[in-house]
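Some notes on the structure that comes next.
Any read-out appearing in this document is the output of simple, stated calculations on the displayed coordinates, not a laboratory observation. Computed from a predicted structure; not experimentally measured. Please note: Cβ atoms are built from the backbone with ideal geometry, for glycine as well, and neighbour counts cover all protein chains shown.
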There are 2 protein chains.
Amino acid sequence: MAARFDVVGIGSAIVDILSRTDDAFLLANGMVKGTMALTNAEQAKAIYARMSQAIEVSGGSAANTMAGIASLGGKPAFIGKVGADKLGEIFAHEITTIGVEFNGGEKRPTKLPTATCLILVTPDGQRTMNTFLGACTELGPADIDAKLIADAEVTYIEGYQWDTPLAKEAIRKACQAAKGAGRKVALSLSDPFVVDRHREDLFTLIREEVDILFGNEEEVFSLYQSKDLASAVASMREAKILACMTRSAKGVIVFDGQSTIAVEAAPVPKVVDTTGAGDLFAAGFLYGFTHGRDLTACARIGSLAAGEVIGHMGARPEVSLRDLLAKQGL
Amino acid sequence: MAARFDVVGIGSAIVDILSRTDDAFLLANGMVKGTMALTNAEQAKAIYARMSQAIEVSGGSAANTMAGIASLGGKPAFIGKVGADKLGEIFAHEITTIGVEFNGGEKRPTKLPTATCLILVTPDGQRTMNTFLGACTELGPADIDAKLIADAEVTYIEGYQWDTPLAKEAIRKACQAAKGAGRKVALSLSDPFVVDRHREDLFTLIREEVDILFGNEEEVFSLYQSKDLASAVASMREAKILACMTRSAKGVIVFDGQSTIAVEAAPVPKVVDTTGAGDLFAAGFLYGFTHGRDLTACARIGSLAAGEVIGHMGARPEVSLRDLLAKQGL
């Protein structure tokens with residue numbers, strides 16, 4: 001049956017607070033560059049107190065991916081929890097107006113505050129994240145509309161969700177609904193430390209449910225505890241699923257169980273902020289995948305979308321990716 | 001007596017909500033490109049409902065100027081009103097952490113919501129603004145600390161303030177305090193329509209109180225009802241005060257009552273968003289002025305600061321202007 005949506009994302013509904021800083025700040029505050037750390041409300045407050053001029057922009061890994069698919073002209077939906085507050089209003093407004101169906105039209109706010117992610121951007125463009133999950137911790141099976149899941153060609157899940165116990169149940173329910181309807185399940189590994197915290201759970205999920213896997217080099221290395229690229233590639237190939245390993249400026253390697261395709265990164269005049277690079281690669285790839293494109297084209301569209309988002313602050317596209325695609329003849 | 005502050009700004013404490021759009025959107029919504037329109041809460045809500053993906057960043061014309069002075073390494077202070085809400089918290093946090101003394105350390109929140117400015121950025125980089133003043137309408141004489149004004153070399157006023165009756169009284173009090181302490185008063189014309197609405201009031205202020213005047217071509221044309229550059233320049237020269245007419249990519253003309261200096265615009269690789277260009281020019285100029293630099297250097301520092309802010313979304317500097325200045329040997 002034709003699907004009403006290309007992709008439905010399940011993830012944390014987060015407003016990003018991005019600020020430029022230097023490596024000394026990360027060091028002084030015990031942060032590991034390029035990774036995501038979870039904070040409680042007090043820790044978030046303490047970090048924010050030390051941050052300077054910032055911009056606020058809707059974020060959340062899977063939500064960014066859905067925003068990218070909308071910008072490409074696809075039909076995405078998103079399931080996530082916001083609080084009944086100003087940031088929740090902003091998040092819900094934006095994701096809806098850019099063309100993502102949000103929680104089947106229901107806002108479902110919780111009593112906890114909307115999640116925020118304090119993002120420190122260093123001069124090399126790398127982002128280091130401190131997430132206060134707030135309302136996101138209440139995402140559970142009740143939020144999963146099995147009919148919506150069945151109505152999407154692909155159900156896309158953030159690895160980040162493994163950090164909230166209730167969300168794991170939600171994901172199990174979503175996977176069952178997707179598989180029951182003959183749909184596909186995609187997983188993003190999200191972060192090397194998330195992978196390390198939940199390696200066995202993720203292995204089980206990949207073996208039993210996942211059709212499409214996304215991860216960057218560090219995440220794939222973490223998953224397979226690889227020490228070098230060759231062994232990581234070998235392990236990823238053995239999974240016998242469609243898998244993409246993104247490698248920043250070195251491009252992406254795509255495995256489809258049989259062949260291996262390497263696609264170069266799209267040229268980027270200046271890397272300003274890498275926040276959302278992986279999310280937007282997944283957006284482009286999944287847009288291509290759900291529109292019948294071959295794997296090379298999927299990877300190219302992914303690289304183009306990722307290239308746009310790292311050219312400015314924030315993880316949501318600033319221009320129409322559909323127009324960008326047309327300009328590149330893709 | 002040595003001043004504790006270089007400049008104290010009096011203005012609207014606003015959080016900007018910036019979104020990219022096209023000219024058709026401005027046309028369909030009756031907006032005049034490059035200008036500022038005031039909205040009530042309902043109008044703001046209706047415009048926001050039609051806006052798409054946005055970023056939120058602290059703004060406010062005089063506040064942006066003070067942020068620029070802080071980024072240059074100067075000592076600014078700012079007087080403005082925020083609401084007791086999340087956006088007010090963000091505004092107060094940011095202006096304080098970047099090094100601007102805010103309301104003498106008191107937050108003075110009001111019961112009205114923090115002001116927001118819905119900013120539409122067109123592909124040519126121009127910004128069109130819709131301001132909901134909220135808490136800013138409560139700025140009045142009680143907020144003016146005469147001791148703080150006397151403690152700043154320059155008191156810097158937004159022309160925008162003429163749109164709120166109570167603020168006019170506040171400004172009158174501030175001018176008296178500044179003049180009584182032998183300090184200087186600077187005025188930014190802010191917007192051609194603001195100038196048109198309050199031409200006589202502004203003329204009186206300029207004649208009686210203002211030592212340094214800032215305006216772009218359209219604002220100066222509006223002030224003197226000039227039809228061409230030559231007559232605008234002649235009128236501005238006749239004011240016999242220090243005056244800067246900014247002309248976007250064509251640079252700036254500075255008058256000091258005797259001579260006229262033309263300085264070219266700083267080279268900008270790509271104009272992304274002109275929001276804050278005038279504010280940051282004033283920041284650079286006033287930083288130079290309060291640090292004993294000659295007028296050519298003042299204008300160059302202003303152009304450099306303006307050039308940085310139009311290279312990205314938002315009206316606050318994203319990098320240290322002090323470092324930028326050092327790199328340029330200024």
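Structure notes:
- Chain A: calculated mean residue ellipticity at 222 nm from DSSP helix runs of at least 4, using -39500 (n - 2.57): -11500 deg cm²/dmol
- Alpha carbon centroid spacing (whole Å) that separates region A:58-92 from region B:169-231: 44 Å
- Cα-based shape type of chain B, given that a ≥ b ≥ c are square roots of the gyration tensor eigenvalues and the cut on a/c is 1.5: rounded
- Top of A:Leu202, A:Leu26, A:Leu295 by mean-square fluctuation, Gaussian network on chain A, Cα under 10 Å: A:Leu26
- Taking GluC sites (Glu not before Pro) across region A:233-330, the ones in a DSSP loop with at most 13 further Cβ atoms lying within 10 angstrom of their Cβ are A:Glu264.
- Each copy carries B:Gln176; placing its label point 7 Å along the C-beta direction from Cα gives inter-copy distances of 7.5 nm, listed from smallest up.
- Take B:Arg50, move 7 Å from Cα toward the beta carbon, and the resulting point lies 4.5 nm from the same point in each other copy, nearest first.
- Within a straight-line Cα-Cα reach of under 19 Å, B:Lys33 can be paired with the following aspartates and glutamates, leaving aside sequence neighbours fewer than 8 residues apart in one chain: B:Asp16, B:Asp22, B:Asp23, B:Asp124, B:Asp191, B:Asp196, B:Glu217, B:Glu218, B:Glu219, B:Asp273, B:Asp279.
- Over the protein assembly as shown, equivalent-ellipsoid semi-axes from the Cα gyration tensor in Å: 49, 24, 23
- Cα shape, region B:95-254, gyration tensor, a/c 1.5 rule: oblate
- Legend: residue pairs B:Lys86/B:Lys168; B:Lys81/B:Lys111; A:Lys111/B:Lys111; A:Lys184/A:Lys240; A:Lys327/B:Lys250; A:Lys270/B:Lys270, Cα-Cα distance threshold 20 Å; pairs beyond threshold, B:Lys86/B:Lys168; A:Lys111/B:Lys111; A:Lys327/B:Lys250.
- Cα centroid separation, region A:291-321 to region B:21-43: 30 Å.
- Taking N as the residue count of region A:205-328, its C-alpha radius of gyration divided by 2.2 N^0.38 Å amounts to 1.04.
- At 7 Å out from Cα toward Cβ: A:Thr260 inter-copy label distances (nm, ascending): 7.0
- For region B:1-41: Kirkwood Rh in Å [reciprocal of mean 1/r, alpha carbons]: 14.2 Å
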